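First the structure, in the form of structure tokens, and then the observations on it.
The values are calculated or read from the model by the stated rules, or taken from the named source; none is laboratory data. Predicted, not measured: the structure shown is a model, and the values here were computed from it. We place every Cβ from the backbone using ideal geometry, glycine too, and count neighbours over all the protein chains shown.
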Amino acid sequence: MTMRVVFLDRASLKAKVRKPCTDYVEYEKTAAGEIVPRLAGASVAIINKVPMRAETLRQLPDLEMIAVAATGYDVVDIAYCQAHGIAVANIRNYAVHTVPEHAFAMILALRRNLLAYRQDVENGVWNRSEQFCFFTHDIGDLHGATLGIIGEGAIGQGTAAIGRAFGMHVLFADHPPPKMPGVSFTPHDEMLAKSDVISLHCPLLPATRNLIDIHAFRKMKRNALLINTARGGLVDEAALIQALDEGLIAGAGFDVLTVEPPKNGHPLLDVRRPNFILTPHLAWASDGAMQFLADQLIDNIELWAAGKPQHLVT
């Protein structure tokens, strides 16, 4: 099959990408006004975060496939693609270790108040201590604590496995089908009320946008931690700031925001407190995970071209 493949935001993937065909073009990044001219005549578009909306897709009659270099595909107008026969494939199971590990890096740092203690050391508190250590902040074990997980896919189950290894009791929040087989569920509100740590691993959909709002925060334990390594829109960010300010939860670790990158500022960038950790959407970005992603990305294109598509979402 003769095809032209264009990668619109190559800079978003730090890994070796093999060429799926001879007519293959890469752009480090692509602005909205550059999408249509760069994809003119292309059969396949590779994107990560470049939006592919209906008004754009209508101008690309030769486009037959969109290969998303990520698991989430909310940047693509799926309904338009379904109606016009454009295949959309995403990446599966590439971050099953790196995202849970990042989530637990934040959980451990927050549960043991590492940022607060580090800040105290920098401020000379240890120097002034009258004994070998000091106890300015609470330290909590994970063993025996309850881990609530929203999203029971591969990443959610990977997070659960680490939690169980620490001796945590794991609850998966109940939700409408489809559901993974072999997973026991707890009603959503019960999970919120019982969990010492809540970790989000579900997709951003109309039904999950602002899933965690001020009402959800009020149902949580006052010593609870909220971890979001999934999508920024899952949490009402104004409500998060209110929850931290009012002590409705003990802390939060976020790797995602509703707007990325936050070039014009963002309220969470101004939250300067040791019980809040914000990282720049890099939970997925271990070297091994990115190379796995890059290899599967091209596999998706090559198998689609060979008439044996995998990982299609349309």
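Pairing residues of the range 297-309 that are in contact (Cβ under 8 Å) with a residue 40 or more places away in the chain with residues that are part of a helix (DSSP H, G or I) and surrounded by 22 or more Cβ atoms within 10 Å (Cβ to Cβ), at Cβ distances under 9 Å and at least 6 apart in sequence or on separate chains, gives PRO309/ASN300.
Under the condition of being out of contact with any helix residue (DSSP H, G or I) (no Cβ under 9 Å at 6 or more places or on another chain) and either part of a loop (DSSP other than H, G, I, E, B) or on the phi > 0 side of the Ramachandran plot (or both), the residues counted in the range 284-307 number 2. Restricting GLY72, GLY85 to those that are modelled with pLDDT under 95, over 30 Å from ASP141 (Cα atoms) and not assigned by TED's automatic domain parsing to the domain that holds ALA230 reduces the list to GLY72. Consider only pairs whose beta carbons are under 7 Å apart and that are at least six residues apart or on different chains; among these, list those whose first residue lies in the range 142-169 and is in the same structural domain as PRO203 (by TED's automatic domain parsing) and whose second residue is in a strand (DSSP E or B) and among the aromatic types (Phe, Trp, Tyr). Listed by first residue and then by second, the contacts come to ILE149/PHE172; GLU152/PHE172.
When the range 235-281 is filtered for residues that are buried (at least 19 other Cβ atoms within 10 Å of the Cβ) and either in contact with a Cys (Cβ under 7 Å, 6 or more places away or on another chain) or part of a loop (DSSP other than H, G, I, E, B) (or both), the ones remaining, listed by number, are ASP236, LEU248, ILE249, ALA250, ASP255, VAL256, LEU257, ASN275.
Residues in the range 37-71 that are β-branched (Val, Ile, Thr) and either out of contact with any strand residue (DSSP E or B) (no Cβ under 8 Å at 6 or more places or on another chain) or without any contact (Cβ under 8 Å) to a residue 12 or more places away in the chain (or both): VAL50, THR56, THR71. Taking the criterion of being surrounded by fewer than 15 Cβ atoms within 10 Å (Cβ to Cβ) and closer than 30 Å to ALA42 by Cβ, would at least one residue in the range 83-91 satisfy it? Within the range 83-91 (the criterion being surrounded by fewer than 15 Cβ atoms within 10 Å (Cβ to Cβ) and closer than 30 Å to ALA42 by Cβ), the answer is yes, since at least one residue qualifies. Scoring TRP126 on the criteria (1) under 30 Å from MET65 (Cβ atoms); (2) modelled with pLDDT of 95 or more leaves a single failure, condition (1). For the range 115-136, the set of residues classified as surrounded by 16 or more Cβ atoms within 10 Å (Cβ to Cβ) and not acidic (Asp, Glu) consists of LEU115, ALA116, TYR117, listed by residue number.
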